[in-house]
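All of the numbers you see were taken from the coordinates with simple rules; none came from a lab. As the structure is a computational prediction, the values presented were derived from the model and not from experiment. Using ideal geometry, Cβ is built from the backbone for each residue, glycine included, and neighbour counts are taken over all protein chains shown.
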Amino acid sequence: MEKRKVFDDLLVRIDQMAREIDDMDEFYGEVVKILADNVPYYNWTGFYFMKDGELVIGPYIGRPTEHVRIKVGQGVCGRAVAEKNTIIVDDVTKEDNYLACSLETKSEIVVPIWANGDIIGEIDIDSDDLAAFDEE
């Protein structure tokens with residue numbers, strides 16, 4: 001199936017879940033499960049949420065990580081919050097500020113989650129493939 005069609009279908013499913021699931025922890029857990037089940041080149045998919053001025057790990061699927069709390073500006077996740085922007089890293093070995101969760105990870109995307117004008121968290125996705133993510 002074409003990549004665009006896969007992601008369009010996933011967005012429809014996630015939007016439907018958002019309407020049906022009242023518990024946000026359950027919702028975020030279902031989102032990472034759907035992504036992990038449907039996008040084979042995602043090897044780590046998870047959420048971090050802002051708490052006391054730093055990122056704290058939420059639901060995730062993938063290899064265990066020691067990065068359960070991340071300061072704003074630290075690593076790709078912290079940089080996405082500091083810069084208030086989505087960050088795509090095609091090759092994590094070329095990233096000076098990279099926090100390695102797994103030696104197998106080759107690329108990463110971090111997308112901030114906004115509510116009422118503030119970043120409340122982010123979704124972080126890693127891949128064992130180089131340049132696995134694009135603007136689409």
| query | Which net charge results when you count Lys and Arg as +1 and Asp and Glu as -1 among the other residues whose beta-carbon is under 13 Å from that of ARG4? | reply | -4
| Least to most buried among GLU20, GLU108, GLU135 (fewest other Cβ within 10 Å first) | GLU135, GLU20, GLU108
| field | Cβ-derived FRET efficiency at R0 22 Å, ASP37 paired with ARG63, nearest 0.05 | value | 0.85
| said: For a 28 Å ceiling on Cα separation, which of these pairs sit above it: LYS5/LYS71; LYS33/LYS84; LYS5/LYS51? | reply: LYS5/LYS71; LYS5/LYS51
| For the range 71-136, what D do you get in µm² per second when you plug the Kirkwood radius from alpha-carbon pairs into Stokes-Einstein at 37 °C and 0.692 mPa s? | 274
| field | Over the chain, relative contact order from alpha-carbon pairs under 8 Å, at least 6 apart, % | value | 22
| note | From DSSP H assignment alone, runs of 4+ in the chain each adding -39500 (n - 2.57), the sum over residues rounded to the nearest 500 puts [θ] at 222 nm at -10000 deg cm²/dmol
| said: If neighbour count is taken as other Cβ atoms inside 10 Å, put ARG13, ARG4, ARG79 in order from fewest to most. | reply: ARG4, ARG13, ARG79
| query | Which of GLY29, ALA100, VAL111 sits closest to the plus end of the dipole of the range 15-136, meaning its Cα is farthest towards the positive end, when Lys and Arg get +1 and Asp and Glu get -1 on the C-beta? | reply | ALA100
| message | Which of ASP126, ASP8 has the fewest other C-beta atoms within 10 Å, and how do the rest follow up to the most? | response | ASP8, ASP126
| Gain upon complete extension [PHE27, LYS3; 0.36 nm per residue less C-alpha separation] | 6.3 nm
| Which of the following values of Rg/Rh (Cα atoms, Kirkwood Rh) was calculated from the structure shown: (1) 1.08; (2) 0.94; (3) 1.04? | (2)
